[in-house]
Structure formats: structure tokens, C-alpha cells
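The block underneath contains the structure these notes are about, expressed in C-alpha cells.
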Amino acid sequence: MPFDPALLWERIAAGFTRALPPEIGVPGLVAIVVVAAALSVPRRSWRVFGLFVTVVHELGHAAAALLTLQRVTGITLRLDHSGTTTSRGRRGWRTAFTTFWGYPVPAVVGAALVWSAAHGWAAVALSAGALLLVAALVLIRNGQGFLILGGTAAASLALVWFGGAVPAGFVCLVLGIALLVGSCRDWVKVVRVHVRRRDLGTSDAHLLQDATRIPSPVWLGSFALVIGAALVQCLGPLSLIADRAAQG
């Protein structure tokens, strides 16, 4: 089928409707967890999927900046999984709020995707995500960033183009669980940075310490609390999916 922008837009718009959630069952959930782990655990696959986690991380900073009425001036993404989001506006607590919402955001988004899959909103999540990623391209300020975010946006549009309500549920579950694992992995990585006391300038917890005078271990613990809450939040939707399949 040749690419048709009008048809793509129709499919994106059609995604903004609720559908019946997929009936997966326990064996299906196990298979989904295995696929999600295959994306986020092995080093080879993490080199690619970790870039998506970085995208979500930096978009978390950007969203927090916008929520505090700051102006986001640019996002830089790099192939080594690092990134920078810059913003302008009144500082103080706004800086701390913006800096905080980086590491926990992939877990929060992951939990939201799992919830969406369990309650029939998976297609909505994918359509909204595709639009957000395409819109975020205007904020990118480097070539590697265009490559990373452009590839991510293209992949999300492909999921909308070739998918449907049922496949969207599976995709949201895989991506959601993989993001949760990826968030845990990145948290462990930043903790190691503090333990080794190397490259502290790249750590959000260190930047928060400089901005607030609150020790970085407190911020690392705060990241862990939000990530842990997101993990716990997923248990309900996953149980709902398993129970629905058993009743069916």
C-alpha cells in the first residue's frame, strides 16, 4: 500500500476512540514480559531501546518546564544515551521541578501505557504519542537528536499505520513494561555515577543538589519512590487483564 498522508491522519484520528482491551491471559502476559525484557535488558537491544528511554526522559523535562510556564528552547539527544533540555523563565523551585522530572518519567509513562492497554485506550495512547513525538522535532538542536527522535517518531507512525485496536494493546503492554525496566536500569546507572563520583555533572540528582542544597541521595531516593510507585501501579491493570482472560 503506497504511503498516503491523508490516510495516515485518518488512522491517527481513528485511534482516538476507546476499544475493547485485548484478551491475553497469563501465558500471553508472560510472553509480553519476555519481549519487553528482550528490549530493555540485553546490551545490544538496549543500545537502541535505551535511546527511546532517553527521549522520554528529556520530554519529561520539557513537559515539566512547560507546566511551570517556562519556555523550552531546545533538546539535545546523543547516541551515547545522554541528553540535555534547556529552558528559559523564572528560576527557583521551577528549576528543581523541571530537573526532577527526568529519570522517573519513563516509569510513569510505562505505567500509563500499561493502564491504557488494560482499559481499552491503547490506540489513543499510540496516536497521542505519535503526534507528540512529531511535534517535539521542532525542539531538537543537533543532528544526532534528529536521527534519534526522527527514528522514534517514524516508528510510532508506523505502529499507527499498520496497527489497530488489538495490536495497539499488545504494543502498549510491551512498551510500557520495557519503559519500566528501562527506568530502573537508568536509575541504577545514575546511582553508580554517584558511588564512583564520576561525571556528576550529568546527574540530575547532582544538579538538584546544587539548586536546592538538598543532598543528592535524597533526590535519588525520591526518583526511586516515584519509579517504585509506577511499578506498583501496574499490578492492578496486569491483574485485570489476567482476570478478564480467565473469565472469558
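The values are calculated or read from the model by the stated rules, or taken from the named source; none is laboratory data. These numbers were taken from a predicted model, which means no experiment stands behind them. So basically every Cβ, Gly included, is an ideal-geometry build from the backbone, and we count neighbours across all protein chains shown.
Structural remarks
- When residues of the stretch 204-248 are limited to those that are small (G, A, S) and modelled with pLDDT under 90, the one nearest to G83 (Cα to Cα): S239
- Subset of the stretch 155-177 (residues that are over 21 Å from V34 (Cα atoms) and at pLDDT 95 or above): none
- Exactly one residue among R78, R71 is surrounded by fewer than 18 Cβ atoms within 10 Å (Cβ to Cβ), under 26 Å from F146 (Cβ atoms) and free of Cβ contacts under 8 Å to residues at least 40 places away in the same chain, and that residue is R71.
- Test: residue in the stretch 151-171 that is in contact with a strand residue (DSSP E or B) (Cβ under 9 Å, 6 or more places away or on another chain) and among the hydrophobic types (A, V, I, L, M, F, W, C): no
- When V191, V181 are checked against the criterion of being under 24 Å from R78 (Cβ atoms), in contact (Cβ under 8 Å) with a residue 12 or more places away in the chain and over 19 Å from the mean Cα position of the chain (by Cα), a single residue qualifies: V191.
- Scope the stretch 161-170; condition in a helix (DSSP H, G or I) and surrounded by fewer than 22 Cβ atoms within 10 Å (Cβ to Cβ); matching residues: W161, F162, A165, V166, P167, F170
- Flag if E58 is in contact with a strand residue (DSSP E or B) (Cβ under 7 Å, 6 or more places away or on another chain), among the acidic types (D, E) and under 26 Å from A178 (Cα atoms): yes
- Any hit, the stretch 109-132, residues being outside any loop (DSSP other than H, G, I, E, B), crowded, with 18+ Cβ neighbours inside 10 Å and in contact with a strand residue (DSSP E or B) (Cβ under 7 Å, 6 or more places away or on another chain): no
- Restricting the search to helices (runs of 4 or more DSSP H) fully inside the stretch 1-103 and requiring at least 3 residues that are within 28 Å of A118 (Cβ to Cβ) gives 5-14, 25-40, 43-67.
- Residues of the stretch 204-237 classified as under 17 Å from H61 (Cα atoms), of a type in the set (G, A, S) and surrounded by 21 or more Cβ atoms within 10 Å (Cβ to Cβ), total: 1
- All conditions in (1) exposed (fewer than 13 other Cβ atoms within 10 Å of the Cβ); (2) basic (K, R); (3) modelled with pLDDT of 90 or more hold for R185, with the sole exception of (1).
- Yes/no for R91 being over 17 Å from the mean Cα position of the chain (by Cα) and farther than 29 Å from P237 by Cβ: yes
- Taken over the stretch 69-83, residues that are among the hydroxyl-bearing types (S, T, Y) and either modelled with pLDDT under 95 or under 16 Å from the mean Cα position of the chain (by Cα) (or both) amount to 1.
- Just so you know, in the stretch 1-53 the residues that are farther than 21 Å from V166 by Cα and polar (S, T, N, Q) include one that is surrounded by the fewest Cβ atoms within 10 Å (Cβ to Cβ), and it is S45.
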